[in-house]
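The values are calculated or read from the model by the stated rules, or taken from the named source; none is laboratory data. Since the structure is predicted, the reported quantities are computational estimates derived from the model, not experimental observations. Cβ placement follows ideal geometry from the backbone for every residue including glycine, while neighbour counts extend to all protein chains displayed. The area values use the complete protein model at the heavy-atom level, side chains included, leaving out ligands, DNA and RNA. Shrake-Rupley method; radii C 1.70, N 1.55, O 1.52, S 1.80 Å.
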Amino acid sequence: MAQTPRYRFAPSPTGYFHVGGARTALYNWILALQTSGVFVLRIEDTDDSRNNPQWTQGIIDALAWLGIDGSDSHFEGPYFQSANAALHVAAAEKLFAQGKAYYCDLTTEDIQKRAKESGKQSERQGYDGYSRDRGLGPGPGHVLRFRVPQGKTVVKDQVRGEVEFDNSTIEDFVLLRSNGSPVFLIANVVDDINQGITHVVRAEEHLPNAPKQQMIWDALGSTPPSWAHVPVLVNEQRKKLSKRRDKVAVEQYREEGILADAMKNYLMTLGWAPTGDTEIVPFQKIVDEFALGSVNHSPAFFDIVKMQSFNAEYIRAMTVDEFIAACEVWLTGERAPWKQADYDAKVFAEIAPLVQTRVQLLQDVPSMVDFLFCEMPAIDEASYVKAFSADWAGPTLLAIREGFKNCEWKADSLKAVVEKIGEENSLKLGKLQAPLRVAVTGRSVGPPLFEPIELLGRDATIKRIDAVLAKKVS
Ligand code: GLU
């Protein structure tokens, strides 16, 4: 029987969950789904100085939000690398016992000094193999180094093809530090071997590690995995996305109201595209079509504006009830900008279809409707100045007020009143309604105006117009 493919995602919990990490996780997840394989989540938490349980939980929660968690039978874990430290050390010691690794007592300064003194640059970068045959054992200040064999190492990569490394360019790298702790290279391989990993799909920055790790796999008597190193994500300046410079946290986008489905779909279009004339497709189509062999080799631009437009499409594709449910956290509880007593879910339900067609991020929903849930809106000064700078603004708003006093209180009739005044003054509706919008909503932009005015009611609307007209006069 063929072996079940086992993929893994192995993040180090050193910060918020990076969108690049999310893409790598999705690749592994999709491949596991395609092949009836397994997706192993392994938290590589061995760097005590940088790890934090909060980041670990953040990764687990963000993956679950993307639909990658134990509720699906393809998921396995999470495993924690720190729990396996003894296995990492045992594997390193096995390599020593077999002569495939050796101890060395040179300090970094010693190594630099030797490199300088040797006059000619050693073929191996950095360390020159000084202790290879000195027969040292473990001891204070001794590191364990891997004895890199002669020859070449060919990494068969599903994205990059065959990548050949000349072993003479790879120094005898460290497996155990002088304090006995294992380094990433061996911890990562030993966990992969013990967890039966058959496919390593990860970020391109790990490609230089692949030949070293493949040698460790071989030395430990295991068959190396199938490799795939996926191109990095870059910002608008084509610089690699960085935590310090760019907005990269999945958690942050989630807070802003990017939908998980939109984010998944968008991330999967970076360096790859589904067939057909639109990139916005059901996740199942991506699962059906995705192939590592068709992932682009060059870095992919993570375009926030494009992700938001994907999000807007996903929002529009929801039913109104789904949209209302998705907005819930922004409308009630601590994120809501109004007092709960002022909020009326029925009023929101009435206006929701208008908001749904206009919003890109769910976090922007409250500011589009807050004027419905307060006594008087706060007037944005810049919007006010702009809307009332023309000398027709005050008189026409007054005329609108008069028209509103007796007309039928329905959006269409309200609009007709304003249109008529527009005709009389040779003003287009868009222009004429600007002062009215500022009076009613406090802002110059928002959803269509007349439905909300209908919801607000005659008395409240007239009161708001009066307040702004009074402000104008004063
Ligand atoms: N823990 C490593 C990282 O977060 C990943 C190693 C791997 O995928 O092999 O960069």
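At a 1.4 Å probe, what is the % contribution of carbon and sulfur to the accessible area of the chain?
On the chain, the fraction of accessible area on carbon and sulfur atoms equals 51 percent.
Collect residues whose amide H, placed 1.01 Å from N in the peptide plane, falls under 5 Å from the amide H of residue 38; neighbours closer than 5 in sequence don't count.
6, 7
I'd like to know which of 462, 85, 319 lies farthest towards the positive end of the charge dipole of the chain, counting +1 on Cβ of Lys and Arg and -1 on Cβ of Asp and Glu.
The residue sitting farthest along the positive end of the dipole is 85.
What is the Cα radius of gyration of region 33-147 over 2.2 N^0.38 Å, N being its residue count?
Cα Rg divided by the expected 2.2 N^0.38 Å: 1.56.
What order do 307, 376 take when sorted by accessible area (1.4 Å probe), most exposed first?
My answer, sorted largest first, is 376, 307.
In nm, to one decimal, how far is the residue 107 label point from the residue 405 one, both placed 7 Å along Cα→Cβ?
Label-label distance for residue 107 and residue 405, simple model: 9.2 nm.
Each residue of region 84-98 in order: what ³J(HN,Hα) in whole Hz does its phi give by Karplus 6.51 cos²θ - 1.76 cosθ + 1.60, θ = phi - 60°, with x for Gly and Pro?
Once rounded to whole Hz, the list reads 9, 3, 5, 5, 5, 5, 4, 5, 5, 5, 5, 5, 5, 4, 8.
Return the calculated 222 nm mean residue ellipticity for the chain, to the nearest 500 deg cm²/dmol, obtained by summing -39500 (n - 2.57) across DSSP H runs with n ≥ 4 and dividing by the residue count.
Rounded to the nearest 500, it is -13500 deg cm²/dmol.
May I ask you to rank 328, 109 by accessible area, largest first, using a 1.4 Å probe over the protein chains only?
109, 328
Find which of 430, 399, 414 sits farthest along the positive direction of the dipole of region 399-441, computed with +1 on the beta-carbon of Lys and Arg, -1 on that of Asp and Glu, about the Cα centre.
Farthest towards the positive pole: 430.
Using a 1.4 angstrom probe and counting only protein chains, how large is the accessible area of residue 128 in Å², to 10?
Probe radius 1.4 Å; accessible area of residue 128 about 60 Å².
Along region 100-113, what does the Karplus equation 6.51 cos²θ - 1.76 cosθ + 1.60 (θ = phi - 60°) give for ³J(HN,Hα), rounded to whole Hz, x for Gly and Pro?
In residue order, the calculated couplings are 8, 8, 8, 8, 9, 10, 6, 8, 4, 5, 4, 5, 5, 4 Hz.
Per-residue accessible area for residue 339 at 1.4 Å probe radius, Å² rounded to 10?
So the heavy atoms of residue 339 present about 140 Å² to solvent.
Taking the Cα-to-Cβ direction at residue 255 and at residue 303 and moving 7 Å from each Cα, how far apart do the two end points lie in nm?
In this crude label model, residue 255 to residue 303 measures out at 2.7 nm.
Per residue, how big is the convex hull of region 170-290 when only Cα atoms are used? Give it in Å³.
185 Å³
As a test question: what accessible area, to the nearest 10 Å², does residue 134 have when a 1.4 Å probe is rolled over all protein chains in place?
That residue has around 90 Å² of solvent-accessible surface.
Could you calculate, for region 81-157, the ratio of the Cα radius of gyration to the Kirkwood radius, expressed as Rg to Rh?
1.03
Taking the chain on its own, what percent of its Cα-Cα pair distances exceed 44 Å?
So the portion of pairs separated by more than 44 Å is 36 percent.
Could you tell me the distance between the Cα centroids of region 190-240 and region 390-469, to the nearest Å?
When both Cα centres are located, 63 Å separates them.
Compute the helix-to-body angle for 53-65: its Cα long axis versus the longest principal axis of the chain, expressed 0 to 90° and rounded to tens.
The answer is roughly 60 degrees.
List the residues, sorted by chain then number, that are 5 or more residues from residue 103 or on another chain and whose placed amide H is less than 5 Å from its amide H.
HN-HN under 5 Å from residue 103: 136, 145.
Quote to one decimal, in nm, the extra length available between residue 162 and residue 328 on full extension: 0.36 nm per residue of separation minus the C-alpha distance between them.
Stretched out fully, the residue 162 to residue 328 stretch lengthens by 54.7 nm.
Summing Lys, Arg as +1 and Asp, Glu as -1, what charge do residues with Cβ under 13 Å from the Cβ of residue 368 carry, residue 368 excluded?
So the surrounding residues net to 0.
List the residues whose amide H sits under 5 Å from the amide H of residue 234, counting only those 5 or more places along or on another chain, with H placed 1.01 Å from N in the peptide plane.
The answer is 241, 300, 301, 302.
In whole percent, what relative contact order does the chain give with Cα contacts below 8 Å and a gap of six or more residues?
12 percent
So what J values fall out for region 253-258 if you push phi through Karplus, 6.51 cos²θ - 1.76 cosθ + 1.60 with θ = phi - 60°, rounded to Hz, Gly and Pro as x?
5, 5, 4, 6, x, 6
Please give the contour-minus-distance gain from residue 380 to residue 169: 0.36 nm per residue of separation, less the Cα-Cα distance, rounded to one decimal in nm.
Here the segment from residue 380 to residue 169 would lengthen by 69.6 nm.
Note the full-extension length gain between residue 205 and residue 346 as 0.36 nm times their separation in residues minus their Cα-Cα distance, in nm to one decimal.
45.6 nm
Quick one: ranking 131, 118 by accessible area, 1.4 Å probe, largest first, what do you get?
118, 131
Would you tally the net charge around residue 383, using a Cβ to Cβ cut-off of less than 9 Å, leaving residue 383 out, and scoring K and R as +1, D and E as -1?
Here the count lands on +1.
Please state the charge dipole magnitude for the chain, taken about the Cα centre, from unit charges on C-beta atoms (+1 on K and R, -1 on D and E), reported in debye and rounded to the nearest 20.
1040 debye
Treat each spin label as a single point 7 Å out from the Cα along the C-beta direction, and report the residue 218 to residue 444 distance in nm.
Distance between label points: 6.8 nm.
Roughly how compact is region 328-474, stated as its Cα Rg over 2.2 N^0.38 Å to two decimals?
1.03
Mind ranking 174-180, 25-31 by how tightly packed they are, going by the mean number of other C-beta atoms within 10 angstrom, highest first?
Result, highest mean first: 25-31, 174-180.
Run the dipole for region 4-55 about the Cα centre, Lys and Arg Cβ at +1, Asp and Glu Cβ at -1, nothing else charged, and hand back the magnitude in debye, nearest 20.
240 debye
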